[in-house]
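The values are calculated or read from the model by the stated rules, or taken from the named source; none is laboratory data. Just so we're clear, the structure is a prediction, and the values are computed from it rather than from any experiment. Counting neighbours? That spans all protein chains shown, and the Cβs are built from the backbone with ideal geometry, glycine included. Remember, those area values only see protein heavy atoms, side chains included, never the ligands or the DNA or RNA. Shrake-Rupley method; radii C 1.70, N 1.55, O 1.52, S 1.80 Å.
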2 protein chains.
Amino acid sequence: MGGMAEPATDSEIRAALAGLPGWERDGDTIRKEYERESFPDAVTFVVRVGFLAEQVDHHPDIDVRWRKVALALSTHSAGGLTVKDFELARRIEALA
Amino acid sequence: MGGMAEPATDSEIRAALAGLPGWERDGDTIRKEYERESFPDAVTFVVRVGFLAEQVDHHPDIDVRWRKVALALSTHSAGGLTVKDFELARRIEALA
């Protein structure tokens with residue numbers, strides 16, 4: 001995913017989130033909390049998300065609270081949300 | 001580590017933290033931020049901490065910010081810091 005991503009407009013953000021159930025906008029970030037069956041399942045999910053993140057060089061904030069994993073995505077280099085955030089969220093959803 | 005752990009006293013907490021470089025008290029929690037060489041190294045560290053945590057059934061809050069991993073330990077069932085927190089912190093230090 002080389003190159004600069006342009007910040008998405010509000011309507012682009014709304015359209016993208018319509019296809020991402022459970023993901024919510026919080027300013028320049030999109031967030032979702034996933035609950036797994038167990039703590040090992042939560043750690044396993046972090047690893048799976050981690051492989052995706054490293055592959056596209058776009059790294060979510062990841063907060064583990066026992067078997068809950070909260071993810072937050074933003075494109076800091078673009079100062080907002082970009083297609084990189086929505087694409088990674090879609091790939092994470094495909095795991096989940 | 002079955003059974004109830006007693007909350008540690010302030011002097012016990014100070015003594016325990018003296019042997020845990022980089023760990024700091026924040027009320028009923030002890031925290032440390034670890035910085036790894038890379039994001040994959042950070043995820044690997046989460047997995048190693050996760051195995052220890054599951055083994056002793058005591059689960060830190062884990063916040064991943066690219067290659068930094070912040071850990072926070074508290075014994076919620078005891079309403080404070082206990083030997084379980086300091087023992088797990090020592091085992092994490094032995095990994096790190």
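Quantify how strongly other chains surround peptide B:30-37 by giving the mean number of their Cβ atoms within 10 Å of each of its Cβ atoms.
For peptide B:30-37, the averaged partner shielding equals 0.
Using only Cα atoms and rounding to the nearest 10 degrees, what angle (0 to 90) does helix A:83-95 make with the longest principal axis of chain A?
It is inclined by approximately 30 degrees.
Any idea of the accessible area per residue across region B:24-95, 1.4 Å probe, to the nearest Å²? Don't skip to the answer; put the middle values down first.
On the way: 3500 Å² over 72 residues.
Dividing the accessible area of region B:24-95 by its residue count gives 49 Å².
Cα centroids of region B:1-67 and region A:20-96: how far apart, whole angstrom?
For region B:1-67 versus region A:20-96, the Cα centre distance is 23 Å.
With each run of n ≥ 4 DSSP H residues scored as -39500 (n - 2.57), what mean residue ellipticity at 222 nm is computed for the protein assembly as shown after dividing by its residue count and rounding to the nearest 500 deg cm²/dmol?
-13500 deg cm²/dmol
Based on the Cβ-Cβ distance of A:R25 and A:H76, what FRET efficiency does E = 1/(1 + (r/R0)^6) give at R0 = 22 Å, to the nearest 0.05?
About 0.85, to the nearest 0.05.
Can you give me the Kirkwood hydrodynamic radius for the protein assembly as shown, using every pair of distinct Cα atoms, in Å to one decimal?
Numbers: mean 1/r = 0.0560 Å⁻¹.
The Cα-based Kirkwood calculation yields 17.9 Å.
What's the angle, to the nearest 10 degrees (0 to 90), between helix B:39-56's Cα axis and the longest principal axis of chain B?
Roughly 30 degrees between the two axes.
What does the net charge come to around A:E6 if you take all other residues with beta carbon closer than 14 Å to its beta carbon, with K and R at +1 and D and E at -1?
Value of the local net charge: -4.
Assuming 0.36 nm per residue, please report the length gained on full extension of the stretch B:V56 to B:T44 beyond their Cα-Cα distance.
Once the chain is fully extended between B:V56 and B:T44, it gains 2.4 nm.
Counting other Cβ atoms within 10 Å, which GluC sites (Glu not before Pro) in region B:5-52 have at most 11 and lie in a DSSP loop? If you can, show how the numbers build up before the last one.
On the way: sites: B:E12, B:E24, B:E33, B:E35, B:E37; in loops: B:E37.
Filter output for region B:5-52: B:E37.
Just the number, please: carbon plus sulfur as a percent of the accessible area of chain A, 1.4 Å probe, no ligands or DNA/RNA counted.
The computed percentage sits at 48.
When only Cα pairs under 8 Å and 6 or more residues apart are kept, what is the percent relative contact order across chain A?
36
So what is the relative contact order of region B:45-96, in percent, for Cα pairs below 8 Å that sit 6 or more residues apart? Please report the intermediate quantities before stating the final value.
On the way: 42 pairs, mean separation 16.1, N = 52.
RCO, region B:45-96: 31 percent.
Among residues other than B:R36 whose Cβ falls under 9 Å from its Cβ, what is the net charge (Lys/Arg +1, Asp/Glu -1)? Write out the running numbers ahead of the final one.
Values: positive: B:R67, B:K68; negative: B:E35, B:E37, B:D41.
Value of the local net charge: -1.
Which lysines have a Cα lying under 26 Å from the Cα of B:K84, excluding residues fewer than 8 positions away in the same chain?
Answer for B:K84, where 26 Å is the Cα cut-off: A:K68, B:K32, B:K68, listed by chain and number.
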